[in-house]
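Single-structure report; data block below.
The values are calculated or read from the model by the stated rules, or taken from the named source; none is laboratory data. None of these values were measured; they are calculated from a predicted model. We place every Cβ from the backbone using ideal geometry, glycine too, and count neighbours over all the protein chains shown. Heavy atoms of the whole protein, side chains included, go into the accessibility calculation; ligands, DNA and RNA do not. Shrake-Rupley method; radii C 1.70, N 1.55, O 1.52, S 1.80 Å.
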Amino acid sequence: MQQYVVQKGDTLRRVAARHGLAYEQLITANPWAAQQPYLQQGQMLYLPASLRRRYVIQEHDTFDRIASAFRFRKEALEELNPGLSANQLPQGKTIVLPGPTHKHLIRLSGEYGPADLERDIQEIQLHYPAIEWSVIGRSVLGKPIYAAKIGKGPKNLHMNAALHANEWITTPCLMRFMEEYGRALAQASTVYDQEPTAWYQDYTLWVVPMANPDGVELVQEGITPSHPYYERLLEWNGGREDFRRWKANINGVDLGDQFPAHWNEEVARRGKTRPSPQDYAGAKPLSEPEAETVYQHTLSISPERAVSLHSQGREIYWNYRDYEPPESENMARIMGQAGGYRPVKLQGSDAGYKDWFIQHFRRPGFTVEIGYGINPLPLEDFEDLCVEVGSILSAFMSLE
């Protein structure tokens, strides 16, 4: 059994994916790992021999049928099974199957964090140069906050994700939408039955895929004593070393309560007066660089409409204190129908991005709560979430 030394940024799911193992295999070989919230750098893991998929050839099988059924290149079948011929597939013979071929650039290999985002930005730049990337700000710990730009239309649109740390799965869902948009432009195809060339001509879309990179990394990897905020983060988290329920940024400020839209009333409602895993609105609106970055970026592009992705609930919030324009409700209904989500007129919430956007611009703004469950949502839901989010965002792009 092979041994592996844990490196910075490793999680059980990331290690399993990198070595071609199922998560359950890794836990079986290292039962102690399931009893601690995070892997620690320098720990030793045992890696069971990677269990390749096998298949018994059936009557009338062909290379094409097997490759299609198990999603791989048929040429790889010969590479793994020397002597096997497409002209002669002996019934009853056991063969080794290649791993599945991925159809998307954006996929999960464990949790999706800031390093994954940077890797995928480079991939998208390489494959889809119509999507331009820039750094529009920095987090508390100096991590870049990226924005993508696609389109040459006179009207701007805005999308953002991962304002809340443990809602990080919204980031790869938004990145998958960007990939599908870019690929459809390159191949002159459609996106969820919508025509992206019209989007490209009519709108310039701006996307901030991960607004809270410090918080995302904290949720996924935890902290060690070398972290500059080690003592205070443990205190703010009630002494718990498990940060998977953390929503705030690294300063313990909830970025979902940082925007100047009846902020004082939100502070009174929340009742939080010190840094916390969630619901502490900070000392003042926009006290945090992440919120300030998204705020200033939005002001600079003055979008026609905006959407902020959160999780969970499969709902779309479209109103704010009657500041919203009359078409907002019907727009939310169209988006909801596209993804199977419920439009909701929300009451008793202030200081969110959507709240500020509607109040400031008097234009349609939406919060989309993706998926069902407890945050962070399970990785196994990712592909289904991508379909839901892609359908909703395609409808958002096509609104008139």
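Quote the relative contact order of segment 155-314 in percent (integer), defining contacts as alpha-carbon pairs under 8 Å separated by 6+ residues.
Contact order relative to length: 32 percent.
For segment 44-133, the list of trypsin sites (Lys or Arg not before Pro) that fall in a loop by DSSP and count at most 14 other C-beta atoms within 10 angstrom reads 52, 71, 73, 93, 103. On a per residue basis, segment 271-339 carries 41 Å² of accessible surface, using protein heavy atoms and a 1.4 Å probe. Each other residue within a Cβ distance under 10 Å of residue 371 adds +1 if Lys or Arg and -1 if Asp or Glu, for a net charge of -4. In segment 144-270, a dipole from Cβ-located charges (positive for Lys and Arg, negative for Asp and Glu) runs towards its positive end, and of 251, 197, 161 it is 197 whose Cα lies farthest in that direction. Can you work out the FRET efficiency for the pair residue 283 and residue 235, with r the C-beta to C-beta distance and R0 = 25 Å, to the nearest 0.05? That pair, residue 283 with residue 235, gives E of 0.90. For segment 1-47, what class follows from the C-alpha gyration tensor (a ≥ b ≥ c being the square roots of its eigenvalues): rounded when a/c is under 1.5, otherwise prolate if a/b is larger than b/c, else oblate? Taking the square roots of the gyration eigenvalues as a ≥ b ≥ c, segment 1-47 is rounded.
One decimal place: the segment residue 74-residue 3 gains 22.3 nm when fully extended, by the rule 0.36 nm per residue minus the C-alpha distance.
Say R0 is 41 Å: what FRET efficiency, to the nearest 0.05, do residue 58 and residue 126 get from their beta-carbon distance?
0.55
Residues within the reach of a label modelled at residue 329 (point 7 angstrom out along Cα to beta-carbon, backbone nitrogen below 13 Å), restricted to segment 335-376, are 343-346. Computed on segment 127-233, with alpha-carbon pairs under 8 angstrom and 6+ residues apart, the relative contact order is 37 percent. Mind running the shape call on segment 5-159? Use the C-alpha gyration tensor, a ≥ b ≥ c as the square roots of the eigenvalues: rounded below 1.5 for a/c, prolate if a/b tops b/c, oblate otherwise. Cα axes put segment 5-159 in the oblate bin. Here the spin labels are modelled as points 7 Å beyond Cα on the Cα-Cβ line, and at residue 347 and residue 18 they lie 5.1 nm apart. Applied to segment 86-99, the Karplus parametrisation 6.51 cos²θ - 1.76 cosθ + 1.60 on θ = phi - 60° returns per-residue 3J(HN,Hα) values of 5, 7, 8, 10, x, 4, x, 6, 8, 10, 8, 9, x, x Hz, with x for Gly and Pro. Computed from label points 7 Å out along Cα-Cβ, the spacing between residue 119 and residue 268 is 4.9 nm. Extending 7 Å from the Cα toward the beta-carbon at both residue 337 and residue 301 defines two label points whose distance is 2.7 nm. Cross-link partners for residue 284 among the lysines, with Cα-Cα distance under 20 Å and sequence neighbours closer than 8 places in the same chain left out: 247, 272, 354. Rounded to the nearest whole Hz, the Karplus-based 3J(HN,Hα) values (6.51 cos²θ - 1.76 cosθ + 1.60, θ = phi - 60°) of segment 63-76 follow the sequence 4, 4, 5, 5, 4, 5, 5, 10, 6, 8, 6, 5, 4, 5, with x at glycine and proline.
Please compute the contact order of the chain in relative form: average sequence separation of alpha-carbon pairs under 8 Å and at least six residues apart, divided by the residue count, as a percent.
Relative contact order for the chain comes out at 15 percent.
For segment 218-289, trypsin sites (Lys or Arg not before Pro) are listed when DSSP marks them as loop and at most 14 other Cβ atoms sit within 10 Å of their Cβ; the list is 240.
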